[in-house]
Amino acid sequence: METLHEIFAYAKINLGLAIVGRRSDGYHELQSVMQSIELHDIIRVERLGNSLVCQCGELSGPGNLAYKAAALFLRNIEVNEGVLIKIDKQIPLQAGLAGGSSDAAAVLLLLNEIYQKPLNFEELKRIALMCGSDVCFFLTGGTMWATGRGEELEALPAAPKMELVLVKPLDGIDTSKAYRRFDVLGRSGRINKEDWQIVLRKGQIKEIAALLHNDFELVSAEMVPEIYHVKQELLRTGCYGSLMSGSGSTVFGIARDKEHAAWAEQKMLKKGFSQVWCASTQNG
């Protein structure tokens, strides 16, 4: 009987995100500090049946990025057999946490293990990029400086363990719509890699909080005004800093410690926010 294999697919936040400009290929040029967090989906894979199947509730089927990743992997290693993917979804959708991209990367890593590592890292990265820009990050995770479309990655000093409170407004944000709105209303900025290297190396959480930046925040908050409200409420709980992740709509606060995070989570729930999580940063 074939073994059921399992892997966690961790979410990410952007501690810094700047949209530098528009590229000739139509994509946007980014600068980002990406960080894995412990909020995760659970991916289970087994070789079963005669076809590729992806089960993920209403996100089941070929439209799921994990399905696409598996199909590309199997085509690359020239294997034609049944694979069953089951995804226990915990990362919210349209949240700026890249749950779909993380699932796709996790499937690539798990399939590579199951089939005795037929592909090297560069080959996995090539497939990951075909699935989406963020997928490459999740092949390694941790704390990364990302440029290009987000696929050009360079390891930064690992962030210290930080306790986070994440709040997602009821409305999510479609990333493509956020980019289109940014092209009309947004203002491009820059973040400095050397500044981030310094504060991460020092490991001072307050200094990290002072550098938080996201060019998307202004335009996404116009689409979902609750983003500003969440941010202000997180700061009122005493978080060192607060920022929207990615194109939104999730906002995170950097708590003082685990106890403070748990207290702030309860505070946000009492204020009527229904989607609230505590999560630590995750560095492998």
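Values in this text are rule-based calculations from the coordinates and carry no lab data. Keep in mind it's a predicted model, so treat the numbers as computed, not measured. Positions of Cβ are backbone-derived with ideal geometry, glycine not excepted, and every protein chain shown enters the neighbour counts.
Figure legend: label point modelled 7 angstrom from the Cα of ARG190 along Cα→Cβ; residues of the stretch 17-44 with amide N under 11 Å from it are 20.
Using the Cβ-Cβ distance between GLU81 and LEU170 with R0 = 35 Å, the FRET efficiency computed as 1/(1 + (r/R0)^6) comes to roughly 0.25.
With 20 Å as the limit on Cα-Cα distance, the pairs of LYS86/LYS177; LYS89/LYS258; LYS68/LYS89; LYS168/LYS202; LYS168/LYS231; LYS12/LYS271 that go past it are LYS86/LYS177; LYS89/LYS258; LYS168/LYS202; LYS12/LYS271. For the stretch 29-39, backbone phi angles converted through the Karplus equation (6.51, -1.76, 1.60; θ = phi - 60°) give residue-by-residue couplings of 8, 10, 10, 8, 9, 9, 9, 5, 10, 7, 4 Hz, Gly and Pro being listed as x.
With a 10 Å Cβ neighbour count serving as the proxy for reagent exposure, in which order, fewest first, do THR143, THR175 appear?
THR175, THR143
Multiplying the residue separation of LEU74 and GLU6 by 0.36 nm and removing their Cα-Cα distance gives an extension gain of 22.7 nm. For the stretch 73-159, GluC sites (Glu not before Pro) meeting the loop criterion (DSSP other than H, G, I, E, B) and having at most 14 other Cβ atoms within 10 Å: GLU78, GLU81. Among LYS258, LYS270, LYS86, the ranking by other beta carbons within 10 Å of each residue's beta carbon, starting with the fewest, stands as LYS270, LYS258, LYS86.
Extension gain SER51-LYS270, at 0.36 nm per residue separation less the Cα-Cα distance, in nm? Mind dumping the intermediate values first?
Details: separation 219, 0.36 × 219 = 78.84 nm, distance 4.67 nm.
Gain in length upon complete extension: 74.2 nm.
Count charges around ASN283 for me, please; just the other residues with Cβ under 13 Å from its Cβ, Lys/Arg as +1, Asp/Glu as -1. Mind showing how you got there, number by number?
Working: positive: LYS12, LYS161; negative: GLU38.
Cβ neighbours under 13 Å give a net charge of +1.
Here the extension length gained between ARG180 and LYS206 equals 6.0 nm, from 0.36 nm per residue of separation less the Cα-Cα distance.
Fewest first, what order do SER242, SER24, SER32 take by the number of other Cβ atoms within 10 Å? List each step's numbers first, then the result.
Numbers: SER242 22, SER24 5, SER32 25.
Fewest-to-most Cβ neighbours within 10 Å comes out as SER24, SER242, SER32.
Pairwise Cα distances in the stretch 47-105 exceed 18 Å in 32 percent of cases. Relative to one another, the C-alpha centroids of the stretch 81-125 and the stretch 144-206 are positioned 22 Å apart.
Measuring r between the beta carbons of ILE114 and TYR27 and using R0 = 41 Å, the FRET efficiency lands at 0.80. What's the Cα-based Rg to Rh of the stretch 163-280, Rh via Kirkwood? On the Cα set of the stretch 163-280, Rg over Rh gives 0.98.
Do you know the relative contact order of the stretch 163-280, to the nearest whole percent, from alpha carbon pairs under 8 angstrom that are 6+ apart?
Values: 184 pairs, mean separation 49.6, N = 118.
Computed over the stretch 163-280, the figure is 42 percent.
With the largest listed first and rounded to whole Å, the semi-axes of the equivalent ellipsoid of the stretch 137-210 from the Cα gyration tensor are 25, 17, 14.
In the elastic network of the chain, a GNM with C-alpha springs shorter than 10 Å, the most mobile of TYR67, TYR115, TYR179 is TYR115.
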